[in-house]
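Right, one structure below, let's go through it.
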C-alpha cells in the first residue's frame, strides 16, 4: 500500500475545498435563481393581465426597473453569502489539514523537550504521512545515538576513574619495592656482592615495569589526541617474526618462559609500521606474562595464509579468558580480573593492540585454544 505524503494531502485538501465550495455555490445559486425566477414570472403574468392602457404600460416598465434593482441586490447578497461559505469551508479544511500536520510536529516538540530534560527512553510513535514518519524515525535514531553515546561516556568515565586508581596502585608497587631495595642496600642488609647484585637487579626490573606502564599511558594520550605516528612500510613478515622471536629468546628467563615461531615456509609481504607492529607483539607477550598463570609459560607465534590475506596467531598455554569476558578484552581499560591484589595490569595493552592493528588496515580477534589465542589479520601485498 502506497504511503500518504504531505504533498498529496495538501493537494487533496485544496482540491476538495474548491470542489465542495463550488458545489455549494451552485446549489445556492440554483435555489436563488429558481426562487427569484418564479417570483418574477408570477408578477410579470399579473402585470401583463392588468395592462389596458398606456398608463398601465408605464407602470409595467417601472415595475420591471424595480425588479431589476432587486435582482442586482439579491445576487449581491448571494455573492456575499458565497464568500461567507467559502471562508467557513476554508476554515474547516484548513483546521483539518493543520491538525494532521501539527500532530507529528507536536510529537517532535515533546520529544525535544524530553531530550532537554535528559529523558531519552521514550520514542516518538507516529503513523501517518511518509515525510513525517521519516522525520520521526530519524529523531528516534538520533535519540538512540545520544543515549548510546551517554552510556558509552558513562562507562568510559568509570573505566578512566578505575584506571587512575589502578595506575596509582601499579606505580606504588614498584616504587615501594625499589624504596625497600635501596633502603636495604643503605642499611647493609645485602652484605655480599651477590646479594647486592640481586637487590640491584630487583630494583632494575621494577624500573622496567614502570617504564612499560608510562609508555602505555603515553601511547594512550597520543591515540586520544590523534598524534599516533603510523609510518607504513612493506616488510617480509616471516623474517620479521623470526627476528622478533630470536631477540626475545635472548632475554627471557630460562625454565620460566619460552617463545617459538612457526612461519610454515611462507614468504609474504605486508604493509605495516614495523615499530608499531613490534609494540603489538610486545603487548601480547606482556599480556601472557601477566595473565597466563602457568609455569613454564609457553608462547608460540604461527603464520598462516587465509582467503583474505595472512593471519598471525599469538598463542600461550595459560588459563585463557572466560567466555563471557572474551568479547571485551580489547576494550579500553578492560581488565578480566577486577582484583588488583592478584594480578597487575591496567587494561591498556590489548586495547593498544586493537587500535594499532586497525590503524594499519588490519583486524584482531581472540579465542580460547588451550590458552588464549590472539589472531592478527593482515592483507598480503
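The values are calculated or read from the model by the stated rules, or taken from the named source; none is laboratory data. Predicted, not measured: the structure shown is a model, and the values here were computed from it. Cβ coordinates were reconstructed from backbone atoms using ideal geometry, including for glycine residues, and neighbour counts include every protein chain displayed.
Brief remarks on what is shown
- Residues that are in contact (Cβ under 8 Å) with a residue 12 or more places away in the chain, under 23 Å from the mean Cα position of the chain (by Cα) and assigned to a helix (DSSP H, G or I) do not occur anywhere in segment 163-174.
- Within segment 228-258, considering residues that are more than 30 Å from residue 295 (Cβ to Cβ) and in contact (Cβ under 8 Å) with a residue 60 or more places away in the chain, the one surrounded by the most Cβ atoms within 10 Å (Cβ to Cβ): 237
- Top-ranked residue in segment 127-151 [being surrounded by fewer than 12 Cβ atoms within 10 Å (Cβ to Cβ) and more than 12 Å from the chain's Cα centre (by Cα); ranked as modelled with the highest pLDDT]: 138
- Residues within segment 291-310 that are surrounded by 17 or more Cβ atoms within 10 Å (Cβ to Cβ) and at pLDDT below 90, tallied: 2
- On inspection, residue 261 does not qualify as in contact with a strand residue (DSSP E or B) (Cβ under 8 Å, 6 or more places away or on another chain), at pLDDT 90 or above, surrounded by 15 or more Cβ atoms within 10 Å (Cβ to Cβ) and more than 22 Å from residue 318 (Cα to Cα).
- One residue from 180, 188 being loosely packed, with under 12 Cβ neighbours inside 10 Å, more than 22 Å from residue 285 (Cβ to Cβ) and free of Cβ contacts under 8 Å to residues at least 24 places away in the same chain: 188
- Filtering segment 88-126 to residues that are touching a helix residue (DSSP H, G or I) at 6+ places or on another chain (Cβ under 8 Å), more than 30 Å from residue 21 (Cβ to Cβ) and either surrounded by 11 or more Cβ atoms within 10 Å (Cβ to Cβ) or at pLDDT below 75 (or both) leaves 107, 108, 111, 115, 120, 122, 123, 124, 126.
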